[in-house]
Every structure is written in structure tokens, then in C-alpha cells.
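Single-structure report; data block below.
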Amino acid sequence: WVDNDENNPNNTPVGQKNYHLFLTFDVESIGRFEVDMYALGENINLSLLYPEKFGFKIKKLTDKIDLIIRNIGYKPAKFETAVLRKPHVLTEVFPKIIDRRKGLNVQA
């Protein structure tokens with residue numbers, strides 16, 4: 001799920017594009033991963049949750065992700081990792097989904 005031009009509480013400069021991405025994937029022999037990423041202009045804040053049995057490989061993976069982020073012109077401002085204890089529900093990450101379902105999109 002991606003929310004383009006995510007509203008940022010930090011009052012970003014006018015014209016700056018912000019994005020919020022939430023990605024989950026299940027690797028059959030390893031388990032579930034979740035990535036929650038905010039792109040605020042050129043800065044990236046990223047949270048990576050991983051299955052407990054993947055912990056011994058996480059440093060190698062985060063080094064690769066950091067390099068990819070830098071190579072495409074972004075700056076990793078914050079990069080957190082932790083074991084995934086409980087999967088997130090999409091509406092927890094993007095509460096606006098519920099708000100949009102309750103309202104009407106009317107244009108004059």
C-alpha cells in the first residue's frame with residue numbers, strides 16, 4: 001500500500017513530495033516481513049520487522065537496503081529493525097482508509 005503525498009506533521013516545505021509505503025511479504029521457509037517507509041523529500045525513515053529466525057542475517061540485509069537507498073539519491077535518516085511480534089493490520093498503518101470508507105468524495 002502506498003499513500004502519495006502523505007501529510008507530514010513536520011510541516012514540510014511547499015512542493016515537497018512525501019510518500020508512505022507499507023509492504024508485507026511472506027517468505028515460505030522464513031516467515032513474514034513488514035516494511036514501513038516514509039519518504040520525506042529526499043530523506044527516508046524506514047522500519048523493517050522480520051521473523052525471529054532471520055535475526056542472524058538482518059545486518060547484512062540492512063546494509064544492502066541502506067546502499068540501495070543511497071544509490072537512488074535518497075538519504076536514510078532513520079532505519080529501525082526489530083523482530084515482528086504481531087502483524088500489523090493495514091487500517092492501523094493507514095487509518096485514513098477507514099475515514100475514506102465512511103465519507104463521500106464529492107466534487108463541485
- Note on the structure: Of the residues in the stretch 30-79 that are of a type in the set (Gly, Ala, Ser) and assigned to a strand (DSSP E or B), the one that is surrounded by the most Cβ atoms within 10 Å (Cβ to Cβ) is Ala39
- Residue list for the stretch 14-29, restricted to those being acidic (Asp, Glu) and part of a strand (DSSP E or B): Asp26
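Out of the stretch 31-61, which residues are charged (D, E, K, R) and within 30 Å of Gln16 (Cα to Cα)?
Across the stretch 31-61, the qualifying residues are Glu34, Asp36, Glu42.
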- Query: Can you name the residue in the stretch 80-108 that is of a type in the set (Val, Ile, Thr) and part of a loop (DSSP other than H, G, I, E, B) and is also modelled with the highest pLDDT among such residues?
  - Reply: Val89
- When residues of the stretch 32-57 are filtered for being more than 16 Å from Lys78 (Cβ to Cβ), in contact with a strand residue (DSSP E or B) (Cβ under 8 Å, 6 or more places away or on another chain) and not charged (D, E, K, R), how many remain? 5
- Item | Scan of the stretch 62-80 for residues that are touching a residue at least 12 places away in the same chain (Cβ under 8 Å) and on the phi < 0 side of the Ramachandran plot, ordered by number | Thr62, Ile65, Asp66, Ile69, Tyr74, Lys75, Pro76, Ala77, Lys78, Phe79, Glu80
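The values are calculated or read from the model by the stated rules, or taken from the named source; none is laboratory data. All values derive from a computational prediction rather than experimental measurement. All Cβ positions, glycine included, derive from the backbone under ideal geometry; neighbour counts span all protein chains shown.
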